[in-house]
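Quick note: the coordinates plus some simple rules give every number you see, no bench work behind them. The structure displayed is predicted, hence computed values, not measured ones. Using ideal geometry, Cβ is built from the backbone for each residue, glycine included, and neighbour counts are taken over all protein chains shown.
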Amino acid sequence: MTGARLIVGPFNRVEGDLEVHLDVEDGRVRAARVNAPLYRGFERMLLGRPASDALTLTPRICGICSISQSAAAARALAAAGGHTPAPQGAAMAALIHAVENVSDHLFHFNLFFMPDFARPAYADRPWHPRAVERFTSGAGTAQRAAIEARAALLHILGTLAGKWPHTLAIQPGGVTRAPGPRDKVRIMATLTAFRRYLEGTLFGAPLEAFAALETRAALMRWAQGDAGLFLEIAADLDLDALGRGAGRYLSFGAYPLADGYGFAPGIWRAGGLSPLDLGGMVEDVSHAWMLGGAAHPAAGKTLPDDEMRETAYSWCKAPRLGGLGYETGALARQVVAGHPLARDLAGGGVLARVAGRLLDLARTQILMEDLVRALDPGAAFMDPAPEIRDGAGAGLVEAARGALGHWLRVESGRIAAYQIVAPTTWNFSPRDASGAPGPLEAALEGAPVAPGEDTPLSVQHIVRSFDPCMVCTVH
Amino acid sequence: MAEIETFYEVMRRQGITRRSFMKYCSLTAAALGLGPAFVPKIAHAMETKPRTPVIWVHGLECTCCSESFIRSAHPLAKDVVLSMISLDYDDTLMAAAGHAAEAALEDTIEKYKGNYILAVEGNPPLNEDGMFCIIGGKPFVEQLRHAAEHAKAIISWGACASYGCVQAAAPNPTRATPVHKVITDKPIIKVPGCPPIAEVMTGVITYMLTFDRMPDLDRQGRPKMFYSQRIHDKCYRRPHFDAGQFVENWDDEYARKGYCLYKMGCKGPTTYNACSTVRWNEGVSFPIQSGHGCIGCSEDGFWDQGSFYDRLTTIKQFGIEATADQIGFTAAGAVGAGIVAHVAASALKRAQKKSQDAAKKEEV
């Protein structure tokens, strides 16, 4: 199987459409090119509209992480107007956002990632019968439990955000819904029930015990719950070595509150942390079907290349910071926030990304409970922002899948420029002008391909370990 | 055509008990507004009829419709419907990947020719020969046409498939086009909303599977059982509208009292949907209940009707000539008279609607 070329796609159990082109040599992936084959043109629709339209339009980029888009749009509008939301409003916006992030993690683990281990190809492994029982697509017992737990958790979004997907409650000045004392009790009850599910099923032990793990070795000894099953599989298949990253991580900082972030922002590179500085950020379009040169998103444009020129291969632009690609997501968030386990996992592959997500899930549940405990029904939840005539600003948030940025410029009350860079834009970016591959493309290099495989399992594990959201990638 | 199992057999195979099955039948009857007498009918239909295969395809969209669908109110209802339609082909949820998935689609089309329902989420972009949405190396519009050719009927899920929704918002960069403008020779049922309410989705599909026919549709092709009333008609804040009590600013004193959001740009008075009765996320709430006006997401072209925070200027209240502004100042002193006038106005509206309906029938 020397010199074979494979096109893998369409991918299922990822949000949106994705194709991966692989050059295979001697049973290994030599090079990979990732194509986002879907383009809708949100950034162009936004131009000329009233600034506040961004709050309604941008969530429709994605039905899975619509609140992340809401939150980013609200923060971009607040930044453009120099406005600060009411502290309790910011706390409720954080809670709404955290609920969505947590439910995304839960869904990814149970419905998108784990079912691959129930495939017949693994029938000879000792854990296979349990994987089949828990995670067979559409019928696994873990899947049903996860769907039910998640639907119950989303009652919080019903209460605070009116509806999900696509809420309207998050505004630049806070949130439209002022929860009363009764809501506070009800939300806490829902969170407690969700904790019971997490501790009974997913982790099989108190969340605090998982959040207290400090090393990879300690993690691999965790045997309880579905997390334990995953770790057993990960050890057996050596998922740590599969699809390793470059060890460069980016986080915009999650859950900004009046007194700081829930998880701090920053950049992790060469084993060290530096503050988040996006001055050196560009979106490279050398291999994207986009026109115009590389530009900072504040000055960027989205001009699709109708010719779909030969030298390019994706609708996705390639964001780079100081000339380098960065991985973003739950693992990056926890590495940057300084969690010892995440830092011990840094640079790892499939195992690190999935374990990072579980860690983020456990810690975010604890954070949500703290937010509700501090909820003050008597406080103001909105400090209404005046309409913006002219201004520019960036809304930087952490979606479930990582760093999401909206860059906005308003002129005479209308949107004059709007650029969105989603987490998967970073992770699944094509090559840049120097030929350097994006994080997924790099992680795929060296992945084993068994003879006769046209959709290699190793490739599927690596792709899904990033939890891609393709509709956000190219919007 | 291959032998197909009955709904009941499928459910039993999925581990659903007889008792749960009967419970599901009564829930369904209630959701569809049918009396208890229909419960045994539904049960009988499901025990004897072969299940209807469903192919679910995705074009330009955000998957919010699937997201809504899989968390409908009663976990059982969702389980049953999911196992019932079993989504013979679904991009997002199915197990297979890559070429195996494409083969599954072909198999399903071949196996159930002329007998399956095609559920479409999202829409095809037509610019650049459809190159803005590629599935399995081909433009989505080709997959759609191919799958539609042998379908019995088509469900357009959500505002995207029904009207174009957000990707068709001006200037519609990709020329995203609703399904009924591409497929013109099949019965199409529109279930608009961004996304549609989960219970509306399961209700529509259950009705079609149970009774083997389309529900009654309005002129726009929407099922009447869910889209015949405005949000405004059943809004729990309606008494405040009628009393002229309005929220003037976000989180003001009136907002905390739950006054009407009309002045904050609520589009409830012009939007036909079931949000104010069925509600969202298992009946917990809906946008107006969370303090934000309705944006009219189940109406055609709602993206391009000006700001979402502009007040509707055409809504009459009480009498024929007063708008909400005037009422807001005068209501306190004239509540008694207002109620009388309102009743009169409503009666007049009903009369108008009747004559419009009659005129419509004559046209047909």
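Arranged from fewest to most other beta-carbon atoms within 10 Å of their beta carbon, A:408, A:396 become A:396, A:408. Name the aspartates and glutamates eligible as straight-distance cross-link partners of residue B:111: C-alpha to C-alpha under 12 Å, and not fewer than 8 places from it in the same chain. Leaving aside aspartates and glutamates fewer than 8 places away in the same chain, those within reach of residue B:111 are B:3, B:88. Within the straight-line cut-off of under 15 Å between alpha carbons, the aspartates and glutamates reachable from residue A:163 are A:100, B:67, B:199, B:282, sequence neighbours fewer than 8 places apart in one chain being disregarded.
So what's the back-of-envelope 222 nm ellipticity for the protein assembly as shown, counting only DSSP H runs of four-plus at -39500 (n - 2.57) apiece and dividing by all residues, rounded to 500? Don't skip to the end; give the middle numbers.
Numbers: 33 runs with 320 residues, N = 839.
That calculation yields -11000 deg cm²/dmol at 222 nm.
Overall form of chain A: oblate. Here a/c, set by the Cα gyration tensor axes a ≥ b ≥ c, is 1.5 or more, and a/b is not larger than b/c.
Rounded if a/c is under 1.5, else prolate if a/b beats b/c, else oblate: with a ≥ b ≥ c from the C-alpha gyration tensor eigenvalues square-rooted, which is segment A:158-213? Prolate, because a/c is 1.5 or more and a/b exceeds b/c. Shape verdict for segment B:130-285, please, from the Cα gyration tensor: rounded (a/c under 1.5), prolate (a/b greater than b/c) or oblate. In terms of gyration-tensor shape, prolate. Phi angles of segment B:245-254 translate, via the Karplus equation with coefficients 6.51, -1.76, 1.60 and θ = phi - 60°, into HN-Hα couplings of 10, 10, 6, 9, 7, 4, 6, 7, 4, 6 Hz per residue; Gly and Pro are given as x. A simple spin-label model places the labels of residue A:434 and residue B:13 5.5 nm from each other, with each point 7 Å out along Cα-to-Cβ. Mean partner shielding of peptide A:33-46, defined as the number of other chain Cβ atoms within 10 Å of each residue Cβ, is 6.
Once the C-beta distance of residue A:28 and residue A:7 is scaled by a Förster radius of 25 Å, the resulting FRET efficiency is 0.90 to the nearest 0.05.
By the scheme Lys and Arg +1, Asp and Glu -1, what is the net charge of all other residues having a beta-carbon under 12 Å from that of residue B:250? Overall, the nearby charge balance is -2.
Grab the beta carbon distance between residue B:37 and residue B:233, set R0 = 22 Å, and tell me the FRET efficiency rounded to 0.05.
On the way: r = 27 Å, r/R0 = 1.24.
Plugging the Cβ-Cβ distance into 1/(1 + (r/R0)^6) gives 0.20.
By the rule of a C-alpha distance below 14 Å, with chain neighbours fewer than 8 residues away ignored, the aspartates and glutamates paired with residue B:186 are B:149.
Charge dipole of the protein assembly as shown (Cα centre as origin; +1 on each Lys and Arg Cβ, -1 on each Asp and Glu Cβ, all else neutral): 2240 debye, rounded to the nearest 20.
May I ask you to derive the relative contact order of segment A:4-473, considering only C-alpha pairs under 8 Å and at least 6 residues apart, and to give it as an integer percent? Mind dumping the intermediate values first?
Details: 1033 pairs, mean separation 118.3, N = 470.
Reported relative contact order: 25 percent.
Could you tell me which of the pairs B:138/B:181; B:49/B:190; B:41/B:234; B:234/B:257; B:138/B:224; B:152/B:181 are separated by over 27 angstrom between their Cα atoms in the structure shown? From B:138/B:181; B:49/B:190; B:41/B:234; B:234/B:257; B:138/B:224; B:152/B:181, over 27 Å: B:41/B:234; B:138/B:224. Residue exposure proxy: B:142, A:310, B:121, ordered by other Cβ atoms within 10 angstrom of their Cβ from fewest to most, comes out as A:310, B:142, B:121. Database remark: amide H of residue B:176 closer than 5 angstrom to the amide H of B:126 (H placed geometrically; neighbours at sequence offset of 5 or more, or on other chains; Pro and chain starts carry no H).
Hydrophobic long helices, here whole DSSP H runs in chain A with Kyte-Doolittle means of at least -0.5 and Cα atoms spread over 24 Å or more along the helix axis, are found at A:87-107, A:350-373. Give the distance, in whole Å, between the Cα centre of segment A:220-289 and the Cα centre of segment A:36-107. Between the Cα centres of segment A:220-289 and segment A:36-107 lies a distance of 21 Å. In segment A:7-161, Cα pairs under 8 Å separated by at least six residues give a relative contact order of 14 percent. For B:294, B:235, the sequence from fewest to most other C-beta atoms within 10 Å is B:235, B:294.
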